[in-house]
1. Can you name the condition, by its number, that residue 23 falls short on among (1) open to solvent by less than 70 Å² (accessible area, probe 1.4 Å); (2) touching a strand residue (DSSP E or B) at 6+ places or on another chain (Cβ under 9 Å); (3) at pLDDT below 50; (4) not basic (Lys, Arg)?
2. Condition check: more than 16 Å from residue 132 (Cβ to Cβ) and either surrounded by 11 or more Cβ atoms within 10 Å (Cβ to Cβ) or modelled with pLDDT under 90 (or both). Does residue 13 satisfy that?
3. Please find, among 89, 71, 57, the residue that is on the phi > 0 side of the Ramachandran plot and either at pLDDT below 95 or surrounded by 18 or more Cβ atoms within 10 Å (Cβ to Cβ) (or both).
4. Filter the range 74-86 down to residues that are in a loop (DSSP other than H, G, I, E, B) and in contact (Cβ under 8 Å) with a residue 40 or more places away in the chain and give me whichever is surrounded by the most Cβ atoms within 10 Å (Cβ to Cβ).
5. Scan the range 94-108 and report the pairs whose first residue is in contact (Cβ under 8 Å) with a residue 40 or more places away in the chain and of a type in the set (Gly, Ala, Ser) and whose second residue is assigned to a loop (DSSP other than H, G, I, E, B) and open to solvent by 40 Å² or more (accessible area, probe 1.4 Å), with Cβ atoms within less than 8 Å and a gap of 6+ or a chain change.
6. State the number of residues belonging to the range 105-128 that are outside any strand (DSSP E or B) and under 16 Å from residue 64 (Cα atoms).
7. Test each condition in (1) modelled with pLDDT of 50 or more; (2) surrounded by 10 or more Cβ atoms within 10 Å (Cβ to Cβ) for residue 35 and report the one that comes out false.
Amino acid sequence: MRSALILIATLALSACAGGSGAGPVQRSAASAPQPSPSQSGGAFRPPDVQNARGLDGVIGARAATLTQRFGTARIDLTEGDARKLQFSGRTCVLDIFLYPLQAGQEPVATHVDARLRNGGGDVDERQCIEEVARAN
């Protein structure tokens, strides 16, 4: 009976030790970010540019122009030759993605995404742009 209790205690302790989720996240090679073509020495691939009404003055703008209009970015991330600026208004969050249009050029805004600040639901991008600009 005593050996059975020791076995149960050992199994219980080993179950507690593994799978807590508190340790570092391990990424497989498949999920690791891949370098952009300009980083890896491959041929430059121009980005798709969002073409939607009401995004004039944002699409095609450089980062300095965007920060002048919207203020200091809440998040400013650079990865390779790409950049993401995030601004927030009272009710929405505005993400602006910048990529160079040609190899070696300064990145410009090519895509905009907006969402509600609470809950992340869809919001009209033009309305969010106006709200964030007013907040500056």
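The values are calculated or read from the model by the stated rules, or taken from the named source; none is laboratory data. Note that the coordinates shown come from a computational prediction; the quantities given were computed from them, not determined experimentally. Quick reminder, even Gly has a Cβ in these numbers, built from the backbone with ideal geometry, and neighbours come from all protein chains shown. Accessible surface areas use protein heavy atoms only, side chains included; no ligands, DNA or RNA. Shrake-Rupley method; radii C 1.70, N 1.55, O 1.52, S 1.80 Å.
1. (2)
2. When the stated conditions are applied, residue 13 passes them.
3. 57
4. 81
5. Final answer for the pair search is 103/44.
6. Count: 3.
7. Going through the list (1) modelled with pLDDT of 50 or more; (2) surrounded by 10 or more Cβ atoms within 10 Å (Cβ to Cβ), residue 35 breaks only (1).
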